[in-house]
Amino acid sequence: MGLFMIGCSSAKKIAGEKYLLEKNVILKNNQELINDPVRFLLVDQPNSKILGIPFKRNLYHLAGSNPDSVFNNWLYKKPNRKRRLDQWLSPKQVKELVKYNSGFNRWLKENGEAPVFLDSTSTQKSIGRLKQYYKNQGYFDTQVRAKNRLSENSKASVEYAIETGAQYTIDSISKKISSPALDSLYEISKSESIIKKGDPFEIDQFEAERTRIINYFRNNGVYNFQQNSIQYQAAIDSSGVDTKIPVAVEISNLQKRQNDTLRTIPYLIHPVSKINIYVDTPGQLGQLNSFTDSLSYKDYTFYFKGKLKYKPKALEEVILIQKGKPYSDLERTQTYRYIANLRNFKYPSITYGLLNKKDPDLVANIFLNPKERFSVGFDLDLSHSNIQDFGFSIGSSFGIRNIFRGAEILEVAVKNTLGSSSDIASIDQQLFNLYELGADIKFRFPRIFFPINFDRIIPKTSNPSTDVSFSATLQQNIGLDKQYFGLGYQLNWQPNALAKINLKIIDLEFINNQNINNYFNVYRNSYEKLNEIASRYNTNIDNLNAENNLKIPEGANNFIAEVINNQTTLNDQNSEYQDVNLIKERQTRLTTNNLIFGSSIAIGYNSQQNILDESFFQLQWKLGLIGTMLNEIIKTTNAQKNENNQYEIAGVTPSQYVKTEINYIKHWQLSSETILAMRAFGGIAIPFGNANSIPFTRSYFSGGSNDNRGWRAYRLGPGSSVNLNEFNEANFKLTFNLEYRFPVVGKIKGALFVDAGNIWNVLDNVSDPKYRFDGFQDLNEIAIGTGFGLRYDLDFFVFRLDTGFKTYNPSLPLSSRWQTNYAIKDAVFNIGINYPF
C-alpha cells in the first residue's frame with residue numbers, strides 16, 4: 001500500500017526543489033502527435049506507470065542514499081536497542097541484518113526507476129534530435145521550440161512545437177561510376193532503384209538505395225565491393241527558395257593500401273572457377289596439407305583424410321555455390337544455412353580467394369568439420385496423478401548422424417513408465433501395477449525423398465528435407481490399456497526465409513483399446529451421472545452392487561441398454577433419457593478402436609525478422625483429408641458394410657473426415673517494453689462417407705493455459721452444455737485472445753488478458769442442440785475469460801502464472817451468464833512455459 005500512497009501524495013517530496021517530468025507533448029504544424037514513434041527521440045521520458053501509478057519510481061524512492069548510515073543511526077538511536085537485538089537474535093545475526101538492509105536497498109534501486117526531472121539540457125538535446133529527424137525526412141527548414149508547463153504539485157510537462165516548412169524533393173539523378181563493370185551492372189538494375197525523380201528527399205531512402213546497390217553488386221560477382229565506395233552528392237539551396245535538389249550517385253574504385261601507397265583498383269566481376277570441399281574428421285580442422293586424399297565429383301573437388309565418410313552426391317546437394325557463375329553473397333549465405341540445417345557439422349566455414357593475381361577468377365574453399373556421429377541422452381521423471389499414487393519414468397534417446405552416408409539423422413527414443421495404484425486389485429500384491437512402454441523412431445533426410453523428381457518445384461534453395469517416423473505405445477492398467485501405432489512420412493521446405501510448408505503424405509494411426517470394460521472407472525463423471533439417474537429409474541436389482549451403485553461394467557452397460565430399449569420408465573421425451581443417450585454415444589466413440597490414414601498440408605508464414613522484432617504477424621493454415629483413399633480401396637474389394645452401414649478392416653472402422661484450421665497471431669510493440677498480442681483461431685473437422693464422428697485424438701478441446709484461461713483444459717463446452725465429462729471435446733472450435741504485456745520489476749513481467757471462444761459439434765452424430773453449432777445465433781455461446789498474469793524471464797525460457805476468471809459463462813442460463821464476482825476462490829490458476837502466443 002505504501003507504494004501506492006507515494007504515487008498519490010508524495011510527488012512534491014520526491015521532487016524537492018525540482019519538477020518531475022510528467023508528460024511530453026509534441027505538436028507538428030499545430031497537430032498533436034499521439035503514439036508517434038518520434039516521441040522516442042526525446043532524451044527524457046516520463047517514468048513508466050502501471051494503471052496510472054509510477055510503481056517503479058516509487059520503488060526506487062523507497063531506497064535510501066546511505067542505507068548503512070541510516071540503519072546504524074536507527075540501531076544506536078536508543079541506548080538499549082542494540083543490546084536487546086543482540087539478546088533476541090545474536091551479534092552475528094544483527095550484523096547480517098545490516099548486510100540484508102544494504103542488499104535490499106540495492107535491489108530497490110536496480111529494479112526501480114530513478115525519478116525523471118525537468119532538465120533544460122535534455123530539452124535542448126531533444127530539440128536537436130527532432131530537428132535532425134525532420135531534416136532527414138527532407139524538411140531542411142525545420143524549426144523546433146520547447147515550452148515548459150509547471151504545476152503546483154511539482155510536476156511538469158514539456159511541449160515541443162515543430163514547424164517543418166516545405167519538404168524538399170529530388171530534382172534529378174545523375175551518376176559518376178569509375179569502374180566500367182559496375183557501370184554496366186548499375187544500368188541493368190537502374191529500373192529497380194528506390195530513389196526516383198520527384199520523390200521526397202529522405203535520408204532513409206538513400207540508405208536503402210545504397211544497401212540495394214551493394215547487395216546487387218555483391219550478388220553479381222563483385223565479391224570485394226566496399227560500402228564506402230558509394231557516395232551521394234546533393235546541392236541544397238541554403239536560402240530555402242528552391243526546394244528541388246539535384247542528386248549525383250558517385251561510385252569510386254576500390255582503394256587498397258600496398259606498403260605505404262594507397263592505390264585505386266577498378267572493381268571487376270569475379271566468377272567462381274574452382275570449388276574445394278574439405279571434410280575433416282571430428283576435432284579441429286588441420287592445415288590444408290594434412291588432407292591426404294582427394295576426389296573430383298561434378299564441379300567439386302573433395303579433400304579428406306583416409307576414407308570419405310559422406311557420399312559426394314549428398315554434400316554436393318547442399319552446396320548452392322555454382323562453378324562458372326559470378327560470385328554471390330546470397331548463394332554463400334544459403335549454403336551456410338543449408339549446411340547448418342544438416343546438423344552434421346560444427347561451424348562450417350566458406351572462404352574465397354583469387355586463383356592467381358592476373359585473373360579475376362575465384363576459388364571457393366568450404367570447410368566441413370563433422371560432429372560426433374553418436375549421441376546418447378537419459379531422463380528420469382517422477383509423477384503423481386488421479387490414476388496413480390506414484391510412478392516414475394525412465395527414458396533414453398539415441399542418435400546416429402550420417403547413418404546412410406548421406407548426412408541423414410536417425411533418432412530413437414524409448415520411455416518406460418512404472419506406477420502404483422491402490423485402486424487396482426492385484427493377486428500377488430505387486431507394488432508397481434501400472435505399466436507403459438513407448439518408443440519413437442525418426443529418420444531425417446536432408447533432401448526430398450520421393451519417387452518423383454520435385455527439383456523444379458522444390459529447389460535446393462528452399463532447404464528441403466524428408467521426415468519418416470514410427471511410434472508405438474503399450475499400456476497396462478492405465479485408462480483403457482491403449483495400444484498405439486503410428487507412421488508418418490512428411491516433406492518439408494521453405495519457399496523463402498519467412499515461409500514454411502509441410503506436406504504429410506502418410507499420416508497413419510491405429511489405436512486399439514484393450515480394456516474397454518474399464519471405461520466407467522476412467523470416466524468417473526459419466527459414471528456418477530449415470531449412477532444418479534439409475535438411483536431413480538433402475539428396476540433391475542442385478543445391475544447393482546452391495547452399495548446400491550451400478551456395477552462396473554455389467555450394471556452400467558445393462559442399465560444403458562434398458563433405457564435405450566425402453567425397458568424403464570424413461571422415454572425420449574425426458575431430458576435424463578437424452579443424458580443416458582449422450583453417455584452411450586460418448587462411451588461408444590471413446591472405446592471404439594480407430595484407424596486413421598490420410599494426408600495433410602500445413603503452410604506457415606512468419607513476418608518476424610529476428611528475435612528482437614516485436615511487431616510482426618504469424619499465419620498458419622492446415623488442411624487434412626483422412627480416410628478417402630483407404631475407403632475407396634476397400635470399395636474395390638467388394639467388402640460388405642456392417643450394421644451401421646460402414647466399411648471395416650479386421651473389425652475396425654476406418655475414420656473419414658476433412659479437417660482445416662487457420663491460426664493468426666499479431667504483435668504490436670507499443671513501447672520499448674510493452675506489447676499488445678492477439679490471436680485468432682478457427683478449426684473444423686467434418687466427418688463424411690464411412691464416419692459420422694471424429695476420433696477423440698483429432699478433436700478440439702477448449703480451456704487451459706494456452707487457450708481460454710478462465711477454464712481448465714477440457715472443461716469448457718461444447719456449446720452451452722454443462723461440463724458432464726472429464727474430457728469435453730468437439731469438432732468445431734473458435735478462439736480469440738488479446739493480451740497486454742508490460743514490465744513490472746526486473747525480470748518479472750505482467751499481463752492483462754481477455755480470452756474468448758468455445759467448441760461445438762457440427763455436421764456429426766451429436767443431436768443435442770446445447771452441444772451443436774446451428775448458426776450465427778450460437779455465437780452467443782462464446783465463453784469469455786479475463787484475468788492477469790505474472791511471467792519470470794529465465795533467459796532460456798519464460799515461467800508463466802496466469803489467473804483467469806469466468807466472465808461470460810455460456811453453460812449458465814442466459815440471464816446469469818455475465819459474472820461480476822471476481823473472487824480468488826473462483827479463479828483458475830494456469831502454469832505454463834513461455835508465452836501462449
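The values are calculated or read from the model by the stated rules, or taken from the named source; none is laboratory data. The model shown is predicted, which means the values in this text are computed figures rather than measured ones. Methodologically, a virtual Cβ is constructed for each residue, glycine included, from the backbone with ideal geometry; neighbour enumeration extends over all protein chains shown. The accessibility values were calculated without ligands, DNA or RNA, using every heavy atom of the protein model including side chains. Shrake-Rupley method; radii C 1.70, N 1.55, O 1.52, S 1.80 Å.
Summing charges over all other residues whose Cβ lies under 15 Å from the Cβ of residue 750, with Lys and Arg as +1 and Asp and Glu as -1, gives +4.
Taking Lys and Arg as +1 and Asp and Glu as -1, the other residues whose beta-carbon sits under 13 Å from that of residue 108 total +2. Charge dipole of the stretch 54-199 (Cα centre as origin; +1 on each Lys and Arg Cβ, -1 on each Asp and Glu Cβ, all else neutral): 1240 debye, rounded to the nearest 20.
With the dipole of the stretch 537-591 worked out from charges on the C-beta (+1 for Lys and Arg, -1 for Asp and Glu) around the Cα centre, which of 591, 556, 568 lies farthest toward the positive end? So the residue furthest toward the plus end is 591.
Percent of Cα pairs in the stretch 761-837 per distance bin of 10 Å, from zero to the largest separation: 16, 32, 27, 20, 5.
Using a probe of 1.4 Å, the accessible surface attributed to residue 171 totals some 60 Å² when neighbouring protein chains are kept in position.
Residue-wise HN-Hα couplings along the stretch 238-250, as the Karplus relation 6.51 cos²θ - 1.76 cosθ + 1.60 with θ = phi - 60° gives them from phi, are 5, 6, x, 6, 9, 9, 9, 10, x, 10, 10, 9, 10 Hz; Gly and Pro carry x. For the stretch 598-743, the fraction of C-alpha pairs farther apart than 22 angstrom is 56 percent.
Straight-line cross-link partners of residue 622 among the lysines, defined as a Cα under 18 Å from its Cα and at least 8 positions apart when in the same chain: 500, 504, 659, 733.
Using bins of 10 Å that start at zero, the share of Cα-Cα pairs per bin across the stretch 540-579 amounts to 32, 49, 19, 0, in whole %.
Just how far, in whole angstrom, is the stretch 134-208 from the stretch 642-708 if you go by their alpha carbon centroids? The stretch 642-708 and the stretch 134-208 have Cα centres separated by 50 Å. Diffusion coefficient of the stretch 536-612 by Stokes-Einstein, Kirkwood radius over Cα pairs, 10 °C, 1.306 mPa s: 98 µm²/s. Note on the stretch 84-230: with neighbouring protein chains present and a 1.4 Å probe, carbon and sulfur make up 48 percent of its accessible heavy-atom surface. Stokes-Einstein diffusion of the stretch 31-112 at 10 °C, 1.306 mPa s viscosity, Kirkwood radius from Cα pairs, rounded to a whole number: 99 µm²/s.
When +1 charges are put on Lys and Arg Cβ atoms and -1 charges on Asp and Glu Cβ atoms, the dipole computed for the chain relative to its Cα centre reaches about 3400 debye.
Using only the alpha-carbon atoms of the stretch 687-837 as identical scatterers, what base-10 log of I(q)/I(0) does the Debye formula give at q = 0.13, 0.16, 0.17 Å⁻¹? Scattering profile of the stretch 687-837, log10 relative to I(0): -0.61, -0.86, -0.94. In this structure, residue 147 and residue 668 have a Cβ-Cβ separation that, at R0 = 30 Å, corresponds to a calculated FRET efficiency of about 0.45. Mean separation of Cα pairs under 8 Å and 6 or more residues apart, divided by the residue count, gives the chain a relative contact order of 5 percent. By the compact-protein rule of thumb, 2.2 N^0.38 Å, the alpha-carbon radius of gyration of the chain corresponds to a ratio of 1.26.
When you filter the trypsin sites (Lys or Arg not before Pro) in the stretch 149-223 for DSSP loop state and at most 15 other Cβ atoms inside 10 Å of their Cβ, you are left with 196, 197.
Once all protein chains are placed together, residue 619 keeps about 70 Å² accessible to a 1.4 angstrom probe.
Beyond 20 Å in Cα-Cα separation lie the following of the pairs 305/371; 274/358; 56/109; 749/806: 749/806.
For the residues 790, 410, a 1.4 Å probe over the protein chains yields an accessible-area ranking, largest first, of 790, 410.
For the chain, the residue among 42, 541, 272 whose Cα projects farthest onto the positive side of the dipole built from Cβ charges is 42. Quarter the surface of the alpha carbon convex hull of the stretch 239-367 and you get the mean projected area, 13.8 square nanometres. Projecting the Cα positions of 124, 144, 66 onto the charge dipole of the stretch 1-157 (unit charges on Cβ atoms of Lys, Arg, Asp and Glu, taken about the Cα centre) puts 66 furthest along the positive direction.
Between the beta carbons of residue 565 and residue 633, assuming R0 = 41 Å, the FRET efficiency works out to 0.65 to the nearest 0.05.
The residues 244, 415, sorted by heavy-atom accessible surface at 1.4 Å with ligands and nucleic acids left out, run 244, 415 from largest to smallest. Among 311, 92, the order of accessible area from largest down is 92, 311, computed with a 1.4 Å probe on protein heavy atoms.
A quarter of the convex hull surface defined by the alpha-carbon atoms of the stretch 203-242 gives 3.5 nm² as the mean projection. Calculate the length of the line joining the C-alpha centroid of the stretch 489-508 to that of the stretch 574-588, in whole Å. Answer, in whole Å: 42.
Taken over the Cα atoms of the stretch 628-701, the convex hull encloses 112 Å³ per residue. Here, P(r) means the percent of Cα pairs in each 10 Å bin from 0 to the largest distance; for the stretch 480-537 it is 18, 23, 19, 18, 15, 7, 1. For the chain, the solvent-accessible area of protein heavy atoms averages 54 Å² per residue (probe radius 1.4 Å; ligands and nucleic acids excluded). Here the stretch 222-263 and the stretch 805-819 have alpha carbon centers that stand 69 Å from each other.
A probe of 1.4 angstrom, applied to the heavy atoms of all protein chains, finds residue 542 with accessible area near 110 square angstrom.
Counting every Cα pair in the stretch 140-298, what percent are over 23 Å apart? Here the tail beyond 23 Å accounts for 63 percent of pairs.
Note on the stretch 713-764: the alpha carbon radius of gyration divided by the globular reference 2.2 N^0.38 Å gives 1.61.
Could you run the Debye sum over the Cα atoms of the stretch 78-234, one equal point scatterer each and no solvent, and tell me log10 of I(q)/I(0) at q = 0.08, 0.12, 0.20 Å⁻¹, two decimals? Normalising to I(0) and taking log10 leaves -0.56, -0.78, -1.21.
Only Lys, Arg, Asp and Glu carry charge here, each on its Cβ (+1 for the first two, -1 for the last two); on that basis the stretch 719-828 has a dipole of about 420 debye about its Cα centre. The convex hull built on the alpha-carbon positions of the stretch 128-172 has an orientation-averaged projected area of 3.5 nm².
Solvent-accessible area assigned to carbon and sulfur over the stretch 691-796 amounts to 65 percent, based on a 1.4 Å probe.
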